[in-house]
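Data block below; observations after.
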Amino acid sequence: MLRPKSLGKDHYGALLLLALGAGVLALGLGYRTGSLNHMGAGFIPVVLGALMMLVGVAIGVTAAAPGREMTNPLPGHGTHAGGPEWRGWLCILGGVVAFVVLGRYGGLLPATFASVFVSALGDRNSTVKGSALLAGALVVFCLIVFHYGLSLQLPLFQWG
Amino acid sequence: MHQSLIDLWYGFGVALQPSNFMWSVFGVLIGNLIGVLPGMGALTTISMLLPLTYVIAPVPAILMLAGIFYGSQYGGAIGAILLNLPSHPPHAVTCLDGYPMTKAGRGGAALGITMMASFFAASVGIIVMIFLSPLLVEIAFKFGPSEICSIMLLGLLAGATMSRGSPLKGVAMTIFGLLCGVVGTDVISGTMRYTFELPDLADGVELGALCMGLFGIADFLVSVNRTTVKASDAKVSMKDMRPTRAELKQAFWPMVRGTMVGTLFGAMPGTGPTITTFIAYALERKIAKDPSRFGKGAIEGVAAPEASAHSKTQVDFIPTLSLGIPGDAVMALILGALIIKGIQPGPQLITEHPDIFWGLVASFWIGNVLLVILNVPMIGVWVRMLQVPYKFLYPAALFFICVGVYSTKNSLFDVGEVAVFGIIGAIFLSLDFPVSPIVLGFVLGPMLEENFRRAMLLSRGDLTVFLTRPISAWFIGACTLLILAQVVAYVRKLRFTPKLREPAELIAE
């Protein structure tokens, strides 16, 4: 497997951890840290943030070692070729967002339909008709099981 | 010992109560069903059904969750053997020899052996659990805050370093999990931490939302349009599942050895099931007369790892229930469910809630018997389930996740959290970070912080208390050993190139 030597996944990971740790540290210092004897709310977060930055550095340093990759993929996981999968990503996240928004401003059934329909469109092989059918089937299922069966506390339809 | 048997009898009484029994059967069935589906492991299933536990009583809730856990393990083996598709990482090793057996027309026998090995291993695991837990509890009663801290540290370190992939990345994810646990109101001072002015975050991050984001949505994001759908041409009927006498003979000792490996590793907090199956497989290959048979359909390569996974599953419950230290992410979830139900896991659990502990033990046996009974006639159904296309599967699962998280607290904000953790999980996954240590850190984080602060208060800020108290010193010593072992392993890896290829590398091909 060839991967550009300059900046590998491990380097990006290390940078991400450094940034995260720094952010946590900065916010944590804003809470009262106190002393070991009387710890404030900020003590543990500050320690964790510092540790995270430390681990980030360690990953960044060890990643530079040649011939050593920190990967251990499983079949069907991790070893994907191909570029970004914008359609799939947008549709899946869109499905969740649709559930939240329509759950608030439309009710259970529209939210159900939208979340299934939108997320189903993320697969390249799915059609509008197939997705709509799947969404319809789940709307019926939801009505019977979640509304009547488990009496979910979300009205079927609502405005505003 | 005599007392244990009486308690076990009582446990059977609890587990066989109609309502408890019903939920246990339900859990086992659903676990098996979802475990078969490609891409759905125990974690996804448990997190999807976690909200259901809020409405039922604690005992049936825990019985159901445990049933899902081992049910999905049975199911996962089916996908691994028939489709070369491990829906749950521990089954990855099973693919190596299980799938070649399917190609050679012996897939049914491989499944039959898997079921026998699983049942045998689970039974041994349960027996160990019955006799070891009361002993462990006696020791655990001597624990103060400093001991609890050090053993939690050991559990977290072991969980981070001994899981799949890079140890450093595991540690990073554990820290991230601990940080997620920090979010919300600080119990001691009342300060809002990392809530970003959002009132909905005052109670902290929702466990269900975190898990479903990390194991559900993140997994969909990573796998969408990238899983190559394989149609299984395997047709397995009940008749095929009976292994021949020679196969049985061949599989017997590997099964026993696998069980022993699983039991040993299960007792150690933090070692995940994946590493256990890898070790069981490697052991079989090492002692085999003809190691070249492995990877081409050796039945030993199916029996040993499956047995080890199942005995480990059972033994894993010991530290989770008696010490409150979960061994892996699934156990962390079950621990989380107990805490939500207002039951504090720890040494007092067995005496204060004997119905949960002994009922659970008895239900393991009942569940495992049920699984064998269920799986044999229903194998045809499971094989057909394997063919459900991913494009129907994930939208439906996504919807269940949304409804499930919403129903926990009737909060749409929590559903939004799922999306956020989905993105976080997908980023970490694509950078080859393991995500399950996050759950371990998240569940243990608040307990660790509370006990650490208490220990420091008692010792007046003296950190040496962790070394001067003997039990705690032992745990710290074990932590040090663990870190040293990792450093040594790393240095050796730099110096020498490995001669014998690890199963992990074989899988990566």
**Message:** Need one number: nm distance between label points at residue B:491 and residue B:457, each 7 Å from Cα along Cα→Cβ, rounded to one decimal.
**Reply:** 4.2
**Asked** Quick one: Cα convex hull volume of the stretch A:86-149, Å³ per residue?
**Response** 66
**Complete:** One finds, for residue A:104 and residue B:289 with R0 = 51 angstrom and r their Cβ-Cβ distance, a FRET efficiency to the nearest 0.05 of 0.20
**Request:** With a cut-off of 19 Å, note down the residues of the stretch B:319-347 whose backbone N falls inside the zone around a label point 7 Å from the Cα of residue B:471 toward its beta carbon.
**Result:** B:319-327, B:344-347
**Asked** For labels at residue B:339 and residue A:158 in the simple 7 Å Cα→Cβ model, what's the distance in nm?
**Response** 3.0
**Prompt:** How far is it, in nm, from the label point at residue B:246 to the one at residue B:450 when both lie 7 Å from their Cα along the line to the Cβ?
**Reply:** 6.0
**Asked** Rounded, prolate or oblate: which one fits the protein assembly as shown, using the alpha carbon gyration tensor with axes a ≥ b ≥ c (rounded when a/c is under 1.5, else prolate when a/b beats b/c, else oblate)?
**Response** rounded
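Give the peptides B:458-467, B:243-252, B:180-189, B:143-152 in descending order of average Cβ contacts within 10 Å, highest first.
In descending order of packing, they fall as B:143-152, B:180-189, B:243-252, B:458-467.
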**Complete:** Per the charge dipole of the protein assembly as shown (beta-carbon charges, Lys/Arg positive, Asp/Glu negative, Cα centre), the residue among B:274, A:28, B:248 reaching farthest to the positive end is B:248
**Item:** Relative contact order %, the stretch A:86-149, counting alpha carbon pairs below 8 Å whose residues are six or more apart
**Value:** 33
**Request:** Sort A:10, B:200, B:240 so the one with the fewest other Cβ atoms within 10 Å of its own Cβ comes first.
**Result:** B:200, B:240, A:10
**Request:** Measure nothing but the geometry: give the 0 to 90° angle between the long axis through the Cα atoms of B:273-287 and the longest principal axis through the Cα atoms of chain B, rounded to 10°.
**Result:** 50
**Message:** For chain B, what does the relative contact order come out to in percent, with C-alpha contacts under 8 Å and a separation of six or more?
**Reply:** 27
**Complete:** Within 10 Å of the Cβ of an average residue in B:289-297, the count of other chain Cβ atoms is 0
**Fill in**
Computed, not fitted: 222 nm per-residue ellipticity of chain B from DSSP H runs ≥ 4 (each -39500 (n - 2.57)), nearest 500, equal to -24000 deg cm²/dmol
**Item:** Cβ charges +1 (Lys, Arg) and -1 (Asp, Glu), total dipole of chain B, debye
**Value:** 1680
**Complete:** Gyration tensor on Cα atoms of the stretch B:425-493, a ≥ b ≥ c root eigenvalues, a/c under 1.5 rounded, else prolate if a/b beats b/c, else oblate, says oblate
**Request:** Name all residues of the stretch B:1-15 having a backbone nitrogen under 15 Å from the label point set 7 Å from the Cα of residue B:138 along its Cα→Cβ direction, giving them as ranges.
**Result:** B:1-5
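Any read-out appearing in this document is the output of simple, stated calculations on the displayed coordinates, not a laboratory observation. Remember, it's a predicted structure, so these values are computed and weren't measured experimentally. Heads up, the Cβs are rebuilt from the backbone with ideal geometry, glycines too, and the neighbour counts pull from every protein chain shown.
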